[in-house]
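Okay, so here's the structure we're looking at.
No value in this document is a laboratory result; all are computed from the given coordinates. Model, not experiment: these values are computed from the prediction. Note that we place each Cβ from the backbone using ideal geometry, even for glycine, and neighbour counts take in every protein chain shown.
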Amino acid sequence: MASAIELLVPELLDAILENMKLSERVCLLRCSKYLHCRIEPLIYGSKSVCNDAMFWACKHGSQPAICLAVSYGAYVSTVEVKRMKMPGTVKVLTLHLAARKGHVDAFSLLLDLGARIPNVEPMQLRSLLRRLSRPIAEVILRRFLQAGLFSDLKGRSGNSGEFSLVRIIRGGASLDLVSLLLDYGVSLNRPDTVEYRVLASPLTAAIMVNSGPIVDLLLERGADIHGKDTDVKNYGLDKPLHIPIFAAAQTMEKHGFAMMQLCLDKGADINSSYRTRIWPGWMYNPLLAYVNSIRPWNLNVSIRPAEGLTYFLGNGAELESSTRQWTRGVQWFGIKPPPLELLLYKFQFKHLSDPVFFRIIKFLVEKDCSRPTVKSILSRTLGGHSHGDKHPDFLMDWKIFLDLLLKQVYYQHDRHLVDYLLRSAIWDVGRQLNSFSETARFTIERLWEAGGYINLETMIGFKEKGGNAMLHRLTRRNMLIELDHVCQRHTDFRSCGHAKRRLAFFSLLAEKGSDVTKRDGDGQTPIDVLLKGIDSVPENGKQYLLALAAVLQRQPVPTPSADIVFSPKNLYTREY
């Protein structure tokens, strides 16, 4: 039996429906077939309602709702959506809405109904292509290609209409799909971002996922095993993973030697170098890429670090080299950071108690005990740049490494290297007074015991005729950066921590035999250099300089005068 509302004359029913809200009409529509037939055209007759219905249907993959909205005039290719924080609307691709949740049937239905890719914002195109490049979207991607929509993307501005083969390969695409995309004309060399400031090419993406068949396919189609840098010129990269040999080295620990050996067999250079953004003064090479990929140390991986390093060295990798480069018309040498240094400060010295780690460090010390490498490690340790002081057993671990180093130097019969390291240690500590710690004291004492000569007349970086150049430089006024601090803030220099460290440092030098009687090219001894211009120094500063002179001459430190007046002038300023 018909309800009362169904018995109303059509004119009166239409008048009632016009004054009802949309939600009320929808509820009434569900009451009977008669009302459904009367109300549905009224609801979908509104363009905005039809647009919203199409949006909901594509988003949720409802095929009947898509057909219904299209039958009432909804545009099958795009829907209009309000912008979030801006006035107006934006056209969204219906294919993108269906692909977002992987609605294969809804996607196919839209294609059958004639959905295309009209002129929309580039962001909409990029978003659709990203959805189609996901691993779960391979069926949708094939359907997209079969519908002939790839031709709609050609000629679009920029890269908004290009598939990213890198994303597709990294998503686990099959060999057949990659071959199909190449047949359709997808770019073989277009790089894409894989990490922040890291790009990859399709070939390196295949190397990183350890897909030998795809690598072979790309090489057959013309991919360059040496990598092309034209597409990433002037782009500050953290890692050069767009170059195949670097990508193979980066993933060698995880996947083994296969990809690395393939690159070498195809003619890639194991000593390739690249200037990165992180290390602008150093040249990154495949060996460093491998060492940098090791983490954490005790991880169960395909190959152990010892095997990986042996593999690199067995194939001709250089532990230390320099590469001549041109930057803005100026020639410079980019030094590659030593793997020994990188390992020590990546995993810290505390891992030396691990037998495997110790064997690796010993192996690298035996292979590369050159001056630049050892000097860099020494400067980093004594200069306060290491992570060593963060764990209590650092001094013990440093002793282990230093003994290992000196043992190798002894085998090489390189007496000059010990002299070089001793002078380097003294200079590093003298320049950065706060770094004079137990580690620094032990290092100087150990190098001196190993035969290092403390009174050589030349020094790293500069030479002076006659005299002990190092001690002369250490006693110059510009090296005593704590002197102004003592003069301005301390009546008694013995209450200043900076002064205490300087006195202890000079006392150590005197104890180890630093000669203060030798003269430089101007005929001055280190004491003369130290006390030069002392009359212009405040009284408390004079007492400090006299104390330093006494320590260097191994004499008792004089007691400061009781009548020193402390002046608060310039209390909170420093001139150094």
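How big, in percent, is the set of alpha carbon pairs in region 459-552 lying more than 20 Å apart?
Tail of P(r) above 20 Å: 34 percent of Cα pairs.
Which order do peptides 92-104, 166-178 fall in by mean Cβ count within 10 Å, highest first?
The packing order, highest mean first, is 92-104, 166-178.
Please work out the Cα center distance from region 264-278 to region 485-515, rounded to the nearest Å.
Computed from Cα coordinates, the inter-centre distance equals 50 Å.
Quick one: C31, C263, fewest Cβ neighbours within 10 Å first, how do they rank?
So the residues, fewest neighbours to most, are C31, C263.
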